[in-house]
Amino acid sequence: MADEVDYYELLEVDRSASDEEIAAAYRKAARKYHPDLNPGDESAVEKFKLCAEAFDVLKDKEKREIYDRYGKAGLDRNGAGGGFQNVNDIFGAFGDIFGGAFGGAFGDIFGGSRAGNVMQGADVRCGVTLDLHEAAKGVTKEIRFRRHEVCKNCGGSGAKPGTKPETCKYCGGRGRVQQSTGIFSIQTTCPKCGGRGTVIAEPCSECRGAGLTVREVTREIHIPAGVDSGTRLRVQGEGGRSPNGGPSGDCYVFVQIKKHPFFRREGQDLVCQIPIGYAQAALGAEVEVPTLDGKEKIKIAPGTQNGDVIRLRGRGMPTPRRNMQGDLLIQVYIEVPTKIKPEHEAILRELAKYETKNGALKEQKSFGAKLAQFVKDFFPEKKPRPAEESKEKDNSK
């Protein structure tokens, strides 16, 4: 299921909130949804990740401006979207906002160890390609991606069947070791077991001690109407599995829209260029044009100019999750034949004579008058010398 949240509502701040207010709101939300206070609650872990994603955007001036103008889709199109692969990424990125002694041990701000060491599965990504009609109506698509699954041979323990992981002697199975710096005591991940609290003496032959194997997965996803290329959809819980019973990661699906033979997309509007003849532009006509619902007849008004646009309101692309629809913009261009038959040429020559004689083309007539005045003002003709003056000069020689 793909969803989207409002970052300001998530952190419970106004859109005009200052950087300090946003940071304070994030600290409050991070404590509320911290995995250590919500063991086994995947929804809390998800909220914890979303709050970090919101803070990552709103603390950055450039990302925040894009989000305020275009929403999450704008961030994705500008390559500013993203998120965090797992909870540990969040600890590393934002531990310092809690300051001082907690900087390198964000996961332990509540005094407990993160050993037990439940790890979240890794997020995965894949792509899906749609045609414009599917993007306009919404569609259910099958997606394929690869993710880590719990190894069936060892049940995820990483140990050879018949054996089991041994308690790490370096940390005593806690997965964390304590270091003292002056009056502060900081816990860090055990360098021997990597935080798992156990070590494997005899690794599983299938997963080589990882507890996970890679497998291709097929799923169906509903894609809402109105998506554009670069849109990112999140399928919750379909990412990599945790090696020790933690929450699964998410699958992020990136949308790509195929090029359409008639329509060019500009936001939620569609633009279609159609050719018309000179006579149709001058006299008006009824022509067939493509729409997302098939062919449709529209009227070309008499005197239509090259490049004029006819707007069909509400016939463009819908806006995802909003009751709004773009427009279909029909842009006309006048086609001038490159080769004409003799009878066609004869008619055009008669037309040209008529237009020149009767001044039928007002813009052309106006241009001609302006051109004559321009030449007169900037390129005056040289006046010939009077005949008598020339004669006197000749006699003086």
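Key figures
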| item | result |
| --- | --- |
| Test: residue in the stretch 267-281 that is in contact with a helix residue (DSSP H, G or I) (Cβ under 8 Å, 6 or more places away or on another chain) and assigned to a loop (DSSP other than H, G, I, E, B) | no |
| Filtered residues of the stretch 296-330 (kept if of a type outside the set (A, V, I, L, M) and more than 22 Å from Glu266 (Cβ to Cβ)) | Lys297, Lys299, Pro302, Gly303 |
| Residue count, the stretch 122-160 (criterion: of a type outside the set (Val, Ile, Thr) and assigned to a strand (DSSP E or B)) | 13 |
| Of all residues in the stretch 54-75 being in contact (Cβ under 8 Å) with a residue 12 or more places away in the chain and in contact with a Leu (Cβ under 9 Å, 6 or more places away or on another chain), the one that is surrounded by the fewest Cβ atoms within 10 Å (Cβ to Cβ) | Lys63 |
| Residues that are exposed (fewer than 13 other Cβ atoms within 10 Å of the Cβ) and either touching a helix residue (DSSP H, G or I) at 6+ places or on another chain (Cβ under 9 Å) or of a type outside the set (D, E, K, R) (or both), drawn from the stretch 325-340 | Val336, Pro337, Thr338, Ile340 |
| Which numbered condition Thr188 misses (of (1) of a type in the set (Val, Ile, Thr); (2) at pLDDT below 85; (3) crowded, with 18+ Cβ neighbours inside 10 Å) | (3) |
| Subset of the stretch 14-53 [acidic (Asp, Glu) and either surrounded by 15 or more Cβ atoms within 10 Å (Cβ to Cβ) or assigned to a loop (DSSP other than H, G, I, E, B) (or both)] | Asp14, Asp36, Asp41, Glu42, Glu46, Glu53 |
| Matching residues in the stretch 305-323 - criterion: being of a type in the set (Lys, Arg), exposed (fewer than 11 other Cβ atoms within 10 Å of the Cβ) and at pLDDT 90 or above | Arg313 |
| Selected residue (only one of Thr213, Thr231, Thr218 is closer than 30 Å to Leu329 by Cβ and either among the β-branched types (Val, Ile, Thr) or buried (at least 21 other Cβ atoms within 10 Å of the Cβ) (or both)) | Thr231 |
| Test: residue in the stretch 341-358 that is of a type in the set (D, E, K, R), surrounded by 13 or more Cβ atoms within 10 Å (Cβ to Cβ) and modelled with pLDDT of 75 or more | yes |
| Selection within the stretch 202-240 - under 20 Å from Lys160 (Cα atoms), outside any strand (DSSP E or B) and not acidic (Asp, Glu) | Cys204, Ser205, Cys207, Arg208, Gly209, Ala210, Gly211 |
| Per-region count, the stretch 125-148, residues surrounded by 19 or more Cβ atoms within 10 Å (Cβ to Cβ) and more than 21 Å from Pro224 (Cβ to Cβ) | 2 |
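The values are calculated or read from the model by the stated rules, or taken from the named source; none is laboratory data. From a predicted model like this one, the values you see are computed outputs, not experimental measurements. Every residue, glycine among them, receives a Cβ derived from its backbone with ideal geometry; neighbour counts consider all protein chains shown.
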